[in-house]
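Here the structure comes first, spelled out in structure tokens, and everything after it is commentary.
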Amino acid sequence: MKILLVGSGGREHALAWKLVQSPKCEKLYCAPGNAGIANVAECIEIGAEDVKAIVEFSTNNKIDFVVVGPEQPLVDGLGDRLREAGIAVFGPSEEAAQLEGSKGYMKDFCARYDIPTAAYARFKSIDDAKTYIQAQNTRVVIKTDGLAAGKGVLLPETAEEAEAIVMDMLSGNSFGEAGMELVIEEFMEGEEISYFALADGDTFLPLTSAQDHKRVGDGDTGLNTGGMGAYSPAHFMTDELEQKILDRIIKPTVEGMKKDGAPFKGILFAGLMIVKGEPKLIEYNIRFGDPECQPIMMRLKSDLVDILLATDKGNLAEYQDKVEWSDDAALCVVMAADGYPGAYEKGTEIKNTSELDVMEDVYLFHAGTMRDNSGALVGSGGRVLGVTGLGATIQQAQNRAYHAVKAVDWPEGFYRSDIGWRAVAAQKDKAA
Ligand code: AMP
Ligand code: GLY
């Protein structure tokens, strides 16, 4: 098969690395890719959000299967345009992508199908939103209805702060169009995990869990980021908890979307809060997580092309109970450019990465990298590398990942030094 992968981050490098291991993959292209992806695929100069150019390239080059990494092109209808052109695609339709593309859509959907999530209301009017905030005697969370590049969730600590945010958003000041409608919801207290399942419109196929580290600083402090590291599986995942997630969240979602005439084909990435042992849905993403995808791909033993393609073909049932995972844990440490998630410099040189090539059970996924005119590897984004280790225990995976991180020579970069800390602490508690 000729496969086109869409995207340019660490997630896409992990997908590319795994796709090319499939005997079904004859040729892999990536639009636009990065310096790491260029080692396993032919990168083409088409932006991940350029729906028209992606469809044209796919048609002209007789691409058999398009794997879409990020959400934006799916929300913009890339899945539909490719299917209309007769090309198989991993990713939902524009309508089904609303599960991520519109918080209001997702919350109304959960309400209709009794899927556990935070209590909420939707607002377009500043006065109504203020009245609602005043009536709550608990903390609230404020979310833009539309996509806001991962920045549309605000966690005010007081009602005054909440009212100020609402005024700013609904007047179009802070998020433009995406913030002209809001969801205000109950603040949930608990531990967060990510859960992933594939769906083909009818059937779902459970994959696995992971835990992300969203804050920029050690000990989960500082600003929110796209994710500074992740490991898989989540340390407190049990068969019982997984069954609850499948029964109460994933299954009713797949059934509900089908009933609503928007069958979901692709991946459901459920952001969950585990509140006193019970899973509650924080949000849906309709793509793999970044950096969660990196440790997940390191653990996956089965052929990735088969199961992703089955989401489009509708034969996921054939793979039920057949997806094989390594017994090992995997852990990814993100190396980011100094200043991230604020302003950062691009073009700083990263040296010594070849040392990682020979390290056992370590893989270096590139996120924001490119080659400069002299061929040197340089940073080209905020999150730049995802150094991922595999190990018999989470502690061993962590040791391997950090050993490799320390070998990278990049003075203008930084990383969190405690990725996986909850899991490592839990393991120590168990051993004690
Ligand atoms: P998101 O950008 O949707 O991934 O949300 C960012 C983060 O906000 C989540 O990872 C949670 O930590 C937090 N969050 C979102 N909604 C809630 C909620 N209802 N209660 C508590 N925390 C939340
Ligand atoms: N790491 C969180 C996300 O991909 O949304």
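The values are calculated or read from the model by the stated rules, or taken from the named source; none is laboratory data. The structure presented is a predicted model; accordingly, all values stated were derived computationally and were not measured. As a convention, Cβ positions derive from the backbone with ideal geometry for all residues, glycine included, and neighbour counts pool all protein chains shown.
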(message) If I filter the stretch 155-195 down to residues being away from ligand 1 (no atom under 15 Å from the Cβ) and among the β-branched types (V, I, T), which single residue comes out as surrounded by the most Cβ atoms within 10 Å (Cβ to Cβ)?
(response) V166
(message) Going by what's in this entry, would K107 be described as more than 16 Å from ligand 2 (Cβ to nearest atom), among the charged types (D, E, K, R), crowded, with 22+ Cβ neighbours inside 10 Å and within 30 Å of P92 (Cα to Cα)?
(response) yes
(message) Can you find, within the stretch 182-204, the residue that is farthest from ligand 2 (Cβ to nearest atom) among those that are within 30 Å of D321 (Cβ to Cβ) and aliphatic (A, V, I, L, M)?
(response) A199
(message) Condition check: under 23 Å from G101 (Cα atoms) and within 14 Å of ligand 2 (Cβ to nearest atom). Does I267 satisfy that?
(response) yes
(request) Return the only residue of I282, I296 being within 13 Å of ligand 2 (Cβ to nearest atom), among the β-branched types (V, I, T) and surrounded by 23 or more Cβ atoms within 10 Å (Cβ to Cβ). (result) I296
(message) Exactly one of these conditions fails for G289: (1) within 13 Å of ligand 1 (Cβ to nearest atom); (2) buried (at least 24 other Cβ atoms within 10 Å of the Cβ); (3) of a type outside the set (A, V, I, L, M, F, W, C). Give me its number.
(response) (2)
(request) Would you mind stating whether R416 is assigned to a loop (DSSP other than H, G, I, E, B) and either in contact with a strand residue (DSSP E or B) (Cβ under 7 Å, 6 or more places away or on another chain) or basic (K, R) (or both)? (result) yes
(request) Specify the residue that is nearest to Q294 (Cα to Cα); the eligible residues are those in the stretch 51-77 that are among the acidic types (D, E) and under 24 Å from the mean Cα position of the chain (by Cα). (result) E71
(message) Being farther than 25 Å from F264 by Cα and out of contact with any strand residue (DSSP E or B) (no Cβ under 6 Å at 6 or more places or on another chain) is the requirement here; does K27 meet it?
(response) no
(request) Name, by its number, the condition in (1) over 20 Å from the mean Cα position of the chain (by Cα); (2) touching a residue at least 12 places away in the same chain (Cβ under 8 Å); (3) more than 30 Å from G314 (Cα to Cα) that does not hold for G226. (result) (1)
(request) Confirm whether L15 is out of contact with any Ser or Thr (no Cβ under 7 Å at 6 or more places or on another chain), at pLDDT 95 or above and either among the charged types (D, E, K, R) or closer than 21 Å to T311 by Cα (or both). (result) yes
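So how many residues does the stretch 205-239 have that are among the acidic types (D, E), within 16 Å of ligand 2 (Cβ to nearest atom) and surrounded by fewer than 18 Cβ atoms within 10 Å (Cβ to Cβ)?
Kept after step one, since they are among the acidic types (D, E), are these residues of the stretch 205-239: 212, 218, 220, 239.
Next, from what is left, pick out any that are within 16 Å of ligand 2 (Cβ to nearest atom): 212, 220.
Next, only the ones that are surrounded by fewer than 18 Cβ atoms within 10 Å (Cβ to Cβ) stay: 220.
Selection size over the stretch 205-239: 1.
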(request) Would you confirm whether any residue within the stretch 140-154 is closer than 25 Å to D260 by Cβ, surrounded by 18 or more Cβ atoms within 10 Å (Cβ to Cβ) and over 21 Å from the mean Cα position of the chain (by Cα)? (result) no
(message) So for the stretch 395-404 (the condition being in contact with a helix residue (DSSP H, G or I) (Cβ under 8 Å, 6 or more places away or on another chain) and either among the β-branched types (V, I, T) or at pLDDT below 95 (or both)), does at least one residue qualify?
(response) no
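From the list E189, E177, which one is at negative phi and not in a loop (DSSP other than H, G, I, E, B)?
E177
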(request) Go through the stretch 275-315 and give me each residue that's charged (D, E, K, R) and free of Cβ contacts under 8 Å to residues at least 40 places away in the same chain. (result) K301
